[in-house]
1. Using modelled backbone amide H atoms (1.01 Å from N, in-plane), which distant-in-sequence or interchain residues come within less than 5 Å of GLU223's amide H?
2. For GLY460, list long-range residues whose amide hydrogen, built 1.01 Å from N in the peptide plane, is under 5 Å from its own amide hydrogen.
3. Taking the dipole about the Cα centre of segment 70-128, with the C-beta of Lys and Arg at +1 and of Asp and Glu at -1, give me whichever of HIS92, GLN116, GLN127 is farthest to the positive side.
4. Which residue, GLY373, ALA410, GLY400, has the largest displacement toward the positive end of the dipole of segment 361-410 when charges sit on each Cβ (Lys, Arg +1; Asp, Glu -1)?
5. Please arrange THR207, THR312, THR197, THR389 by counting, for each residue, the other beta carbons lying within 10 Å of its beta carbon, fewest first.
6. So how do PHE395, PHE206 line up by other beta-carbon neighbours within 10 Å, fewest first?
7. Please give the calculated 222 nm ellipticity per residue for the chain, where each DSSP H segment of at least 4 residues contributes -39500 (n - 2.57) and the sum is spread over every residue; nearest 500 deg cm²/dmol?
8. Distance between the C-alpha centers of segment 1-70 and segment 228-262? Whole Å please.
Amino acid sequence: MINYTEKIPNNVDLGRDRVLQRALEHWQPAYMGWWYDMGPNESHNFDVYLRTAVSVEPDGWAQFDYVKMPEYRWGIFLQPRDEKRLVNFGVHKGDPAWQEVPGEYRSTLRRVIVTQGDTEPASVEQQRMLGFSCPSMYDLRNIFQVNVEEGRHLWAMVYLLHRYFGRDGREEAEALLARRSGDADNPRILGAFNEPTPDWLAFYMFTFFTDRDGKFQLCALAESGFDPLARTCRFMLTEEAHHMFVGETGVGRIIQRTCEVMKENKVEDPSDVRALGVIDLQTIQKYLNFHYSVTLDLYGSDVSSNAANYYTSGLKGRFRETKLDDDHVLSEAQYPVFEVAGGRIAARDVPALTALNERLRDDYIDEIADGVGRWQRVIDNAGIPFRLTLPHKGFHRAIGNFAGHFISPAGEVLSEEAWKKHEFEWMPSPKDHAYVQSLMTGRVVEPGKFANWIAPPLRGINNKPLDFEYVRFN
Ligand code: BYC
């Protein structure tokens, strides 16, 4: 028997909801089985200085203490209900927000929730071996924090499936524990979540680029007319911010360390930089190109009737929907999408309703560009003449208008042969991967010590010093 208030902190009155309790009693042991198999490898006995959410109050969502990860209190939290909340867009605009699933949207809504839920365990699976090569105890703690919170985000979606979707929901919740990242027979649903995350540069890129897709998708779902989904996503966003922080500062610290070593030793050539045991800026650019392009695919096709339906039905809004100044129905509006026509890339206006994936992707790109600008400042401050650039959004795409085309980072339409000739100038080659992998030699775990290829962060977690014992290995 689960002791609900103790074991599963929640604000959904779980202690009194018998149906939900029964569903969770079944699912929770399967979840633990999944965590033991697919969670961070050989970490189950570590005491980790983690943040746990025990309530949605300002002092309750960030309680820090040592926890063994299998004993982490994966809770169920929704932002408190606003009784006056309405459906704010689409054909039901102005109706009271739905507290139960509207029958006609049941399968669509379930599909969106399952797609969102599927990414959470996928990312834990992708990252499960990285603890063996952490560059410091601080970073090890951070990846574990990200992992337990992705676990909690899975709980959040499973709560919705169990509470609102009956038997189908329970079956979907089980399937979320059965698919595996990268598995040939039963893969995760979306492309990027089947890519390996083999090293820490890839991990930081993933948390910068792909977790930020998480942010934008959650923001769009936080506008949903289905109120429990909206409230769940709002709370998840508080945790997502830390994941993106880990990514942005992680890449930033790698760049900083590379620049320091380049300056000290007056070297610029990538092979000289590598000889000094840090990651050359060219390789960082290639990782950026890869993670950016596979993450752009996560927004779906540029022109999508699915996206139009989600919006018109009131299930998934735009980024900051209620702050936008228009009719929130979009029956007349147009939006430009890009496509390959006559050997070059051209814009075409399409009904804005069908271009909502593209619009969300564009919102995302704006924010990404700011982050890359902050990395650039680290390079500029070191006085090194190197520019990090975001490739054209058609580069290396597998979903949408650019799928099947061969676009250079500068946005030229090439033949397959011409593109392949340059592939490893633009994307990490097996040799680049092998070099980065060669730096991932064992854990750096002496408190306060950092691997040679990354600079220390500016400050520790929760005002603790950098040499704090963030993980006790027992
Ligand atoms: N890979 O009209 P289309 C996160 C499928 S990340 C494989 O283009 P739609 C996190 C699509 O399913 C955020 N398949 O797309 C981050 C459809 O299949 P069917 C995750 C893809 O439906 C880090 C077909 O192609 N949340 O939280 O408009 C760590 C044509 O569909 C892909 C969400 O994504 C792909 N990349 O939009 C942890 C929000 N893209 O129907 C967590 C929920 C498309 O032909 N999901 N397809 O079988 C959605 O809103 C939508 O499903 C999508 C796709 C935006 C993903």
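1. GLY317
2. Those qualifying (amide H under 5 Å, at least 5 residues apart or on another chain) are LEU466.
3. Selected residue: HIS92.
4. In segment 361-410, that residue is ALA410.
5. Values: THR207 29, THR312 17, THR197 23, THR389 13.
The fewest-first ordering by Cβ neighbours comes to THR389, THR312, THR197, THR207.
6. Details: PHE395 24, PHE206 27.
Taking fewest neighbouring Cβ atoms as first place, the list is PHE395, PHE206.
7. Values: 14 runs with 220 residues, N = 474.
When only DSSP H runs of four or more count, the value is -15500 deg cm²/dmol.
8. Here the two parts' Cα centres lie 23 Å apart.
Values in this text are rule-based calculations from the coordinates and carry no lab data. If you're wondering where the values come from, they're calculated on a predicted model, not measured in any experiment. Here Cβ is always computed from backbone atoms with ideal geometry, including for glycine, and neighbour counts include all displayed protein chains.
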